[in-house]
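See below for the structure under consideration.
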Amino acid sequence: MKGWTGNILRIDLTKKTHRKEQFTEEFARKWIGGRGFALKLLWDELKPGIDPLGPENKLLVVLGPIAGVPMPNSGKTIVAAKSPLTGTYADGNIGSHITIQLRKAGYDIMILEGRSAKPEYVLVEDDKVTFHPAEDLWGKGTFDTQKVLEDKYGRTAGILSIGQAGENKVLFAVVRSMEGRAGGRPGIGAVMGSKNLKAIVVKGTKEIPMADPKEMKARGVGDLKKVGDMDKKSKWSVQGTNAVLSWCNEMAALPVRNHRLSQHPEAWKLDGQRTSSARVATYGCPNCTMRCGIAIKDKEGHESEIDYENVGMLGPNLEIFDLKQMASLNYMCDDFGMDTISTGGTLSWYADAIDQGAAVGDFKFGDAEAAKVLTRKIALREGVGDLLADGSLKASRKVGHHSEAYAIQCKGLELSAYNCKYVPGQALAFGTSAIGAHHKEAWIITYELKFSERGGYGRDKAQKVVDLQRIRSSIFESLPICRFPWIELGWDLKNYPEYYNIATGANWTLDDFLRTGDRIYALLKAFWCREHPDTDRTQDYPPRVYFDPRIADKEGIIAGKHLELDKYDELLSHYYDIRGWDKRGVPTRKTMVSLGLEKEADQLAKVCKVSEDCVPIGNRGV
Ligand code: PTT
Ligand code: SF4
């Protein structure tokens, strides 16, 4: 097998054993790598209904055929498990030296099973696996943990770690790597913590097998330079991801005050120009010539990387417009190892619930000092932090008083920083994202607001969401590789099948990837259905408050506008038609069989009703 190492490293944390297993070429060609591998393995190996924080859950670190080789932006790793936040398959895409080191150690997949009796970290050095006590690291933040392990194993060792949030099983704890990287929004850090696993360290010395190593090297060197030059010319990484903040504000798509507003006159204080001027360092992933991570300092001098999602959710969404205060919250999330998006979304829900009289407390929008106190409490699960550490949906269900309506989440995962109260296509993208409301599945907002009718429900939007889910699931999450050269610089998509072919000796076209993307998306949704057998189309709705005329903006370019339920439902039906899913949003047997998922359709049918075929849109009666 060329391109893939063909090896799985399976580590049992309970028994302290490990073994090397092989996967077949058929498996590799059907699922590519990254998300594809992780999804199929978790589908096969996890019994439906298991406790995500129990020892029976598995933590996967997964690569693919061009991960870690010197190709543009190929330093990404997938971390995956069943999520404690959403109760379904979850993954995150994280830049890390582990991408290169694990491949050089001879593996594409690492599966961590069971649970250590005491805090530990695992060290993988080629074929050797050792278990080390981590009591001295337990209770430390991710910055210190990274430093201790780097001092011991070197700057280029592959290191993944968790902070106190993961240790305390905050349901939106992330895994961290290097100075600035964070991945696994739906609680992959909590799964790692539940296994008493503080860190994973990998060092490898082998050659990564390639079908055409000469061509790979020549193409890689040339393309890395070309992407770097394109970036310099376009100046994209001068402001990086936060360039989008002022655009969102202008377009009335910014989350302000828990999405009750979509614009704010003070938003400029946190825009790309301000964050770029405050830059004290630049971070990036391995194998990248774009290096988009802008690091700034807070008042105490703590340095952390800010990206648009972090700024949007910890800034305007909480009505905090002081750059240094926002930077403090960001630093705390990074050090505790906690997702900035869900932290911001849960805190804003809490301020809203107090405002609406649903919860008792003294936290208010705009109170940065109180937000910092609460952030610490969440990470340590102290006092009200214990409630908030379960995320906005679970917290709202405990608090009651209709506060679930303004928990800004889908399938339990808080929305990334785009206010969709009058952006139906992006609302559909969040609603149908099978891992919960993450923009990485389909970011159609720029297409929608630049090239399509604002507020319209045209079928083109459903098609666009499907197209993006196809491309992202198969190419970017499964090779896996960073999508920014394509999104931000217009680097041609056709490069990726070419890289894949050079690595594996295959002869794939873009269409082969798109079809695999459909297979992955059908199994992703089937995973959700298997875990939630009574699922229905309302699980693919955006937050209910978007349909409520009472929260329409009072002024500005979308004054009085909001989403309309009957039209959204029709758009959702178009989406299901394109996908070949029934009116509940469950993939039909016919669709699954056509994608090579016959066995999986049988398995799904044991717990959830699976329709044979779709009902044409006119007969749905929605
Ligand atoms: C990603 C999500 C994002 S997406 C952001 S900012 W973004 C937030 N970053 C966080 C952070 O930082 N610290 C923290 N404690 N929590 C954070 N939560 C949020 O997590 C990231 C970049 C970015 S920056 C984006 S868009 C792109 N995402 C990619 C993706 O998803 N797939 C892909 N193939 N390529 C991508 N390239 C870009 O990578 P999750 P990273 Mg992350 C500090 O993991 O779970 O998917 O959540 O990976 O290495 O840090 O790079 O405006
Ligand atoms: Fe990492 Fe940014 Fe480079 Fe992508 S563009 S590989 S996120 S540094």
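Throughout, read-outs are computed from the coordinates displayed, never taken from laboratory work. Just so we're clear, the structure is a prediction, and the values are computed from it rather than from any experiment. Note: ideal-geometry Cβ built from the backbone for every residue, glycine included; neighbour counts use all protein chains shown.
Remark: MET210, MET592 ranked as MET210, MET592, counting other beta-carbon atoms within 10 Å and listing the fewest first. In a fully extended conformation the segment linking TRP268 and GLU555 would gain 101.5 nm over its present Cα-Cα distance, using 0.36 nm per residue.
With distances taken between every two different alpha-carbon atoms, the range 237-407 has a Kirkwood hydrodynamic radius of 16.1 Å. Stretching the chain fully between HIS401 and ASP534 yields a gain of 45.4 nm (0.36 nm per residue, less the alpha carbon separation).
So which trypsin sites (Lys or Arg not before Pro) in the range 547-615 pass both tests, a DSSP loop state and at most 11 other Cβ atoms within 10 Å of the Cβ?
Working: sites: ARG550, LYS554, LYS561, LYS567, ARG579, LYS583, ARG584, ARG589, LYS590, LYS599, LYS606, LYS609; in loops: LYS554, LYS561, LYS583, ARG584, LYS606, LYS609.
Listed in order of number, the matching sites are LYS554, LYS606.
If the segment from ASP566 to ASP511 were pulled out straight at 0.36 nm per residue, it would be longer than the present Cα-Cα gap by 16.4 nm. Taken over the Cα atoms of the chain, the convex hull encloses 135 Å³ per residue.
Ranking of MET1, MET326, MET290 by neighbouring Cβ atoms within 10 Å, starting from the fewest: MET1, MET290, MET326. Taking a straight Cα-Cα cut-off under 21 Å and skipping sequence neighbours fewer than 8 places away in the same chain, the lysines within cross-link reach of LYS225 are LYS76, LYS214, LYS217, LYS233, LYS235, LYS494. Among the trypsin sites (Lys or Arg not before Pro) in the range 122-221, those placed in a DSSP loop whose Cβ has at most 16 other Cβ atoms within 10 Å are ARG155, LYS206. Taking other C-beta atoms within 10 angstrom as a stand-in for reagent exposure, THR77, THR17 fall in the order THR17, THR77, fewest first.
In this simple spin-label approximation, ASP44 and ARG291 carry label points 7 Å from Cα along the Cα→Cβ vector, and these lie 4.1 nm apart.
Enclosing the Cα atoms of the range 69-163 in their convex hull gives a volume equal to 131 cubic angstrom per residue.
For the chain, hydrophobic long helices are taken as DSSP H runs at least 30 Å long by C-alpha position along their axis with mean Kyte-Doolittle hydropathy of -1.0 or more; these are 510-531. The translational diffusion coefficient of the range 492-563, from Stokes-Einstein at 10 °C and 1.306 mPa s with a Kirkwood hydrodynamic radius over alpha carbon pairs, comes to 97 µm²/s. Applying the criteria of a DSSP loop state and at most 11 other Cβ atoms within 10 Å to the trypsin sites (Lys or Arg not before Pro) of the range 1-91 yields LYS15. When its C-alpha radius of gyration is set against 2.2 N^0.38 Å (N residues), the range 7-203 gives a value of 0.91.
If you take all C-alpha pairs in the range 1-118, what percent of them are over 16 Å apart?
Roughly 59 percent, once rounded to a whole number.
Distance from a point 7 Å along Cα→Cβ of VAL607 to each backbone N in the range 24-48: keep the residues under 20 Å and list them by number. What the label zone holds, given the 20 Å backbone N cut-off, is 36-48.
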